[in-house]
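FYI, it's all coordinate maths here, none of it is from the lab. As the structure is a computational prediction, the values presented were derived from the model and not from experiment. Please note: Cβ atoms are built from the backbone with ideal geometry, for glycine as well, and neighbour counts cover all protein chains shown.
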Amino acid sequence: MNNLYALIMAGGGGTRLWPLSRSAHPKQMLKLFGERTMFQVAVDRLLPLLPPARILVVTAADQVRKLAAQYPELPRGNFIAEPLGRGTAPCIGLAAMVLQQRDPNAVMAVVTADHYIGRPDIFRDVLSAAQQVAEQGYLVTLGIAPRFAATGYGYIRRGALLGRVNGFDYYQVERFTEKPDAATAEAFLQEGVYAWNSGMFIWRVDRILEEIRRWMPTMNATLEALAAAWGTPAYAETLSRLWPALRKETIDYGIMEKATQVAVVPVDMEWSDVGAWASVMELHPHDAAGNVLLGDVINIDGANTMVFSQGERLVVTIGVEDLIIVDTPDTVMIARRDQSERVREVVEQLKATHREDRL
C-alpha cells in the first residue's frame, strides 16, 4: 500500500445547503453530523488506511488556510490550491501532476470532502481492493448499490465481470448515464446492472495523465507547463496565468465516458452525496413523528419536519408537516421537504440582485 495516496477534493462554493453553507464557509467546512466538520470526517476515515503524509487536498486558494487549520496533522505542502474552480477534470489533473513529481509510481484514490459514508470500514476495504485493480491499468470508479430510483445521481451500467479482489467484484464499464428522469431511473433500478455514480475514482497517476494527454490536449499542455515550473519561483505565476484559460470540465465527460479501460466496483457503504437539505434530514435520527430537531427547538404536533438551528433564537413550530427550516444568524429558510433542492434558485436570485452579503 506504500504507493497509494488519497486526493480529497474540497473545493466548491457550497450553494446546495444554503443558507448554512456560504461561499466563505462551504459544505465541507460545516458540522452537519456531530462535532466534526465534513472535511475532518473525510480525513478521519482515511487515516486507518493512509498516513497524513499521503493524503492530499485540492481546494480553492482562499480556502487553504481554513482547511489546514481544521486538520493541522496534514502537512501544509499537501494542500494544492486552485486559483479558481474549473471542474473536476482540471482539479484532478493538477493533483495528478503534483503527485507524479513526488512518486511516479503512485496510485491515486480520488475522494471528496462533502460525502457521507456510514460504513467507513467498507470504504477503506474497497479502496484497497480498487488499488489492486488500478495497478492493472484500469481507471476504476466506485459504483454505489442503488437503494431507490434516484433522479439526482448519474448512473453506471456494468458489463462483463472482470474479476474479484478481496471480496469485491469488478466489472467493465459499459456506459455512463447522466441524471435520468423518474421513469428511466426506475427502469435502471429494476434492471439490476446499474450503480449510482459516486464521483470517486482510483487509478495509477501515469494512467490518468496518459488519458488526459489523449482526450484533453489543451489541459495537458497547461499541466506540462506547470510540471516544468514545479518547485521553482515561476510556478505561482505560471499557475495564475494559465489556469483561468482552462475550460470548465468534469472528469466524467472529459475522460471517463471516452476511455476504454474503465472498471466499476459496486459497493454498498451507506453513501450519500448530501446534495440537499432533504438528504441531511434523512441521515439524522428521527423522532416518533418523523421529525429531526437540531438546536434550540420546541415542536408541538409537528410531523416529518426538520429544524436545523444554529442561531441564538428559540425556534418554535406548531402543527407543521413536511417542512425544512434552517435558522442562521442572518437568514431563515423555510421550504417544503420535496422542494429543498430549489435552494439553488434562491442563490441565483441573490446573485442577480447583488446580495453578495447573503452568499
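Given H placed 1.01 Å from N in the peptide plane, which residues other than close sequence neighbours of S21 have an amide H under 5 Å from its amide H?
When sequence neighbours closer than 5 places are left aside, there are no close amide H contacts.
Taking only the alpha-carbon positions of the chain and ignoring solvent, what does the Debye formula give for the base-10 log of I(q)/I(0) at q = 0.08 Å⁻¹?
-0.42
Starting from the Cα-Cα distance between E224 and L47, subtract it from 0.36 nm times their residue separation and give me the gain in nm to one decimal.
Going from the current span to full extension adds 60.6 nm.
What is the dipole size for the range 4-272, taken about its Cα centre, with +1 at each Lys and Arg Cβ and -1 at each Asp and Glu Cβ, in debye to the nearest 20?
Once rounded to the nearest 20, the dipole reads 500 debye.
May I ask you to derive the FRET efficiency for E282 and E191 from their Cβ-Cβ distance with R0 = 22 Å, giving the value to the nearest 0.05?
After rounding, the FRET efficiency stands at 0.35.
So how compact is the range 1-134: Cα radius of gyration and Dmax in angstrom?
Using the Cα atoms of the range 1-134, the pair Rg, Dmax is 14.3, 43 Å.
Could you check the spin-label model distance between Q136 and R342? Points 7 Å from the Cα along Cα→Cβ, value in nm.
Here the answer is 4.8 nm between the modelled labels.
If r is the Cβ-Cβ distance from T184 to D268 and R0 is 30 Å, what FRET efficiency results, to the nearest 0.05?
0.85
If the cut-off is 17 Å between C-alpha atoms, which aspartates and glutamates fall inside it for K179, apart from same-chain ones fewer than 8 positions away?
K179 reaches E191, E249, D252, E257, D273, E341.
So who's got an amide H within less than 5 Å of the one on G159, skipping anything under 5 residues away but keeping other chains? H placed 1.01 Å off N, in plane.
Amide H neighbours of G159: Q172, V173, E174.
Could you tell me whether the range 155-210 comes out rounded, prolate or oblate from its Cα gyration tensor? Rule is a ≥ b ≥ c as square roots of the eigenvalues, rounded for a/c under 1.5, then prolate if a/b exceeds b/c, otherwise oblate.
In terms of gyration-tensor shape, oblate.
How about the range 209-299: which GluC sites (Glu not before Pro) there are in a DSSP loop, with at most 15 other Cβ atoms within 10 Å of their Cβ?
Here the sparse-neighbourhood loop sites are E270.
Give me the extension gain from R213 to N166: residue separation times 0.36 nm, minus the current Cα-Cα distance, reported in nm with one decimal.
Between R213 and N166, full extension yields 13.7 nm more.
Against the longest principal axis of the chain, how steep is helix 205-215, in degrees 0 to 90 to the nearest 10, with axes from Cα atoms?
The angle comes out at about 90 degrees.
For the range 82-149, just say rounded, prolate or oblate: build the C-alpha gyration tensor, square-root its eigenvalues into a ≥ b ≥ c, call rounded for a/c under 1.5, and beyond that prolate if a/b exceeds b/c, oblate if not.
Oblate is the answer for the range 82-149, as a/c is 1.5 or above yet b/c matches or exceeds a/b.
Which whole-Hz ³J(HN,Hα) couplings does the range 107-122 yield from phi under the Karplus relation 6.51 cos²θ - 1.76 cosθ + 1.60, θ = phi - 60°, glycine and proline marked x?
Coupling constants for the range 107-122: 9, 10, 9, 8, 10, 10, 8, 10, 9, 9, 10, x, 10, x, 5, 5 Hz.
Of all DSSP beta bridges in the range 277-358, what percent run antiparallel (nearest 5)?
Restricted to the range 277-358, the bridges split so that about 30 percent are antiparallel.
Among L99, L189, L139, which one shows the highest mean-square fluctuation when the chain is modelled as a Gaussian network with alpha-carbon springs under 10 Å?
L189
As I understand it, the value is the acute angle between the Cα axis of helix 88-102 and the longest principal axis of the Cα atoms of the chain; what does it come to in degrees, rounded to 10?
With both axes taken from Cα atoms, the answer is about 50 degrees.
What does the charge dipole of the range 104-163 about its Cα centre add up to, to the nearest 20 debye, if the Cβ of each Lys and Arg holds +1 and the Cβ of each Asp and Glu holds -1?
240 debye
Taking 56 Å as R0, compute the FRET efficiency from the Cβ-Cβ separation of R355 and D206 and round it to 0.05.
Using R0 = 56 Å, I get an efficiency of 0.75.
Of the beta bridges DSSP finds with both residues in the range 1-156, what % are antiparallel, to the nearest 5?
10 percent
If you filter the range 117-167 for chymotrypsin sites (Phe, Trp or Tyr not before Pro), then keep DSSP loop positions with at most 11 other Cβ within 10 Å, what is left?
Counting only loop positions with at most 11 other Cβ atoms within 10 Å, the chymotrypsin sites (Phe, Trp or Tyr not before Pro) in the range 117-167 are F148.
Determine the shape class of the range 31-81: with a ≥ b ≥ c the square roots of the Cα gyration tensor eigenvalues, call it rounded for a/c under 1.5, and otherwise prolate if a/b is greater than b/c, oblate otherwise.
It is oblate, given that a/c is not under 1.5 and a/b is not larger than b/c.
Karplus couplings for the range 233-249 from phi (6.51 cos²θ - 1.76 cosθ + 1.60, θ = phi - 60°), rounded to Hz, Gly and Pro as x?
3J(HN,Hα) across the range 233-249, in whole Hz: x, 7, 4, 4, 5, 5, 4, 5, 7, 8, 4, x, 7, 5, 6, 5, 7.
Between the helical axis of 182-191 and the dominant principal axis of the chain, each derived from Cα atoms, what acute angle in degrees is found, rounded to the nearest 10?
The helix 182-191 is inclined about 60 degrees to the chain.
Lys/Arg Cβ at +1, Asp/Glu Cβ at -1, dipole of the range 277-358 taken about the Cα centre: which of S309, A335, Q349 is farthest positive-ward?
Q349
DSSP beta bridges in the chain, what fraction antiparallel, as a percent rounded to 5?
Looking only at bridges with both residues in the chain, the antiparallel portion is about 50 percent.
Quick check: residue separation of R175 and T331 times 0.36 nm, minus the Cα distance between them. What number comes out in nm?
51.9 nm
Please list, ordered by chain and number, the residues whose modelled amide H lies under 5 Å from the amide H of E321; skip anything fewer than 5 residues away on the same chain.
A303
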